[in-house]
Every structure is written in C-alpha cells, then in structure tokens.
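Encoded as structure tokens, the structure appears first; notes follow it.
The values are calculated or read from the model by the stated rules, or taken from the named source; none is laboratory data. Since we're looking at a predicted model, the values are computed, not measured. Note that we place each Cβ from the backbone using ideal geometry, even for glycine, and neighbour counts take in every protein chain shown. Heavy atoms of the whole protein, side chains included, go into the accessibility calculation; ligands, DNA and RNA do not. Shrake-Rupley method; radii C 1.70, N 1.55, O 1.52, S 1.80 Å.
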Amino acid sequence: MSELRIRAATPDDLDTVLAFWKTAAEGTSISDDRDGVERLVTRDPDALILAEQGGELVGTVIAGFDGWRCHLYRLAVHPQRRRAGIGSALLAAAEERFAGLGGRRGDAMVLTRNETAHHAWRAAGYTPQEQWRRWVKPFGD
C-alpha cells in the first residue's frame with residue numbers, strides 16, 4: 001500500500017469530501033453541504049485535515065480551534081481502510097495543530113450509538129464526560 005499523506009483541504013477538495021462523508025461518516029449534519037464546508041475552509045484553511053493514500057481520499061477530521069477550546073468533528077475513515085492507523089494519523093495531525101495553536105485539551109463530537117467510534121476514541125486516549133450534554137439550536141430555515 002502506498003504511503004499515507006496528511007494535508008489540509010483546499011476549496012478544490014470540497015465535493016470529494018462531501019461525497020466521502022456519505023460513504024465513511026456516520027450520520028449527517030446540518031452543515032454537510034458545499035456552502036458549510038466552504039465557509040469552514042475559508043475561515044480556517046487548516047481545520048479540515050485529509051488523509052490520502054494512492055491519490056484517494058481515505059480519511060478526514062475537522063480540527064477546529066476557537067482561540068479557547070479545541071474541537072474535533074468528522075473523524076471518518078473509509079470503511080475498507082479502517083484499523084490501519086489512518087484515524088490515529090489524523091488525530092495526531094489534529095493534536096499537533098492544536099498544540100501549535102496553544103490548545104490545552106481536545107473534545108470530540110461522537111454519536112452515542114456509534115460503538116465502533118467509542119472504541120477508537122478510547123484507544124486514542126479520549127474519554128466521555130457523562131456530566132455534560134450537548135444542546136443545539138439550528139439557525140435559519
């Protein structure tokens with residue numbers, strides 16, 4: 001297998017990323033459209049991190065930093081490429097980015113029903129904080 005390449009997404013990658021998430025990501029988000037991802041890449045060009053192998057997109061993670069907290073979203077690895085270190089490489093890149101920005105702790109959005117992801121996050125050293133609950137309010141339409 002060819003070497004894994006980790007890099008920041010560019011505007012040219014957006015359609016590929018959106019198609020990839022339909023295959024590799026668990027669930028969808030209100031921001032899973034071209035406008036939403038384009039805003040992310042425009043606002044923070046290093047936040048959307050891609051893993052490629054043999055010129056093919058095999059993984060993603062969003063490593064967002066708001067100046068205070070480090071947030072991880074959309075850690076997704078192609079189903080046929082899981083358990084090969086791709087997720088670990090993406091998390092290492094995200095954590096390196098956070099450390100360079102002065103971040104002190106990362107938090108991840110992980111679906112409650114996604115038991116496979118729970119194992120992966122635990123293996124990477126993350127633990128759930130049961131005392132917290134996410135509250136959301138969609139804006140617009």
Would you mind stating whether Thr16 is open to solvent by 70 Å² or more (accessible area, probe 1.4 Å) and modelled with pLDDT under 95? no
I'd like to know if region 83-93 contains one or more residues that are open to solvent by less than 100 Å² (accessible area, probe 1.4 Å), touching a Ser or Thr at 6+ places or on another chain (Cβ under 8 Å) and within 23 Å of Ser29 (Cα to Cα). yes
Determine which single condition Gly67 fails, assuming it passes every other condition in (1) within 22 Å of Glu115 (Cβ to Cβ); (2) open to solvent by 10 Å² or more (accessible area, probe 1.4 Å). (1)
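Let's see how each residue does on (1) closer than 15 Å to Met109 by Cα; (2) basic (Lys, Arg):
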position: Arg7; (1), (2): no, yes
position: Ser29; (1), (2): yes, no
position: Ala51; (1), (2): no, no
position: Gly59; (1), (2): no, no
position: Cys70; (1), (2): yes, no
When you scan region 95-105, do you find a residue that is closer than 20 Å to Phe20 by Cα and open to solvent by 80 Å² or more (accessible area, probe 1.4 Å), even just one? no
Does Arg74 satisfy being touching a residue at least 12 places away in the same chain (Cβ under 8 Å), over 20 Å from Thr23 (Cβ atoms) and not small (Gly, Ala, Ser)? no
Residue check for Val58: under 26 Å from Asn114 (Cα atoms), at pLDDT 95 or above and either open to solvent by 20 Å² or more (accessible area, probe 1.4 Å) or touching a strand residue (DSSP E or B) at 6+ places or on another chain (Cβ under 7 Å) (or both): yes
Note on Pro45: of the conditions (1) under 15 Å from the mean Cα position of the chain (by Cα); (2) buried (at least 16 other Cβ atoms within 10 Å of the Cβ); (3) closer than 24 Å to Gly100 by Cα, unmet is (2)
Filter region 1-32 for residues that are acidic (Asp, Glu) and within 18 Å of Leu72 (Cα to Cα) and give the result. Glu26, Asp32
With respect to the numbered conditions (1) within 24 Å of Asp13 (Cα to Cα); (2) hydrophobic (A, V, I, L, M, F, W, C); (3) in contact with a helix residue (DSSP H, G or I) (Cβ under 9 Å, 6 or more places away or on another chain), which one is the sole condition not fulfilled by Leu111? (1)
Pick from region 19-42 the residues that are touching a residue at least 60 places away in the same chain (Cβ under 8 Å) and at negative phi: which of them is surrounded by the most Cβ atoms within 10 Å (Cβ to Cβ)? Glu26
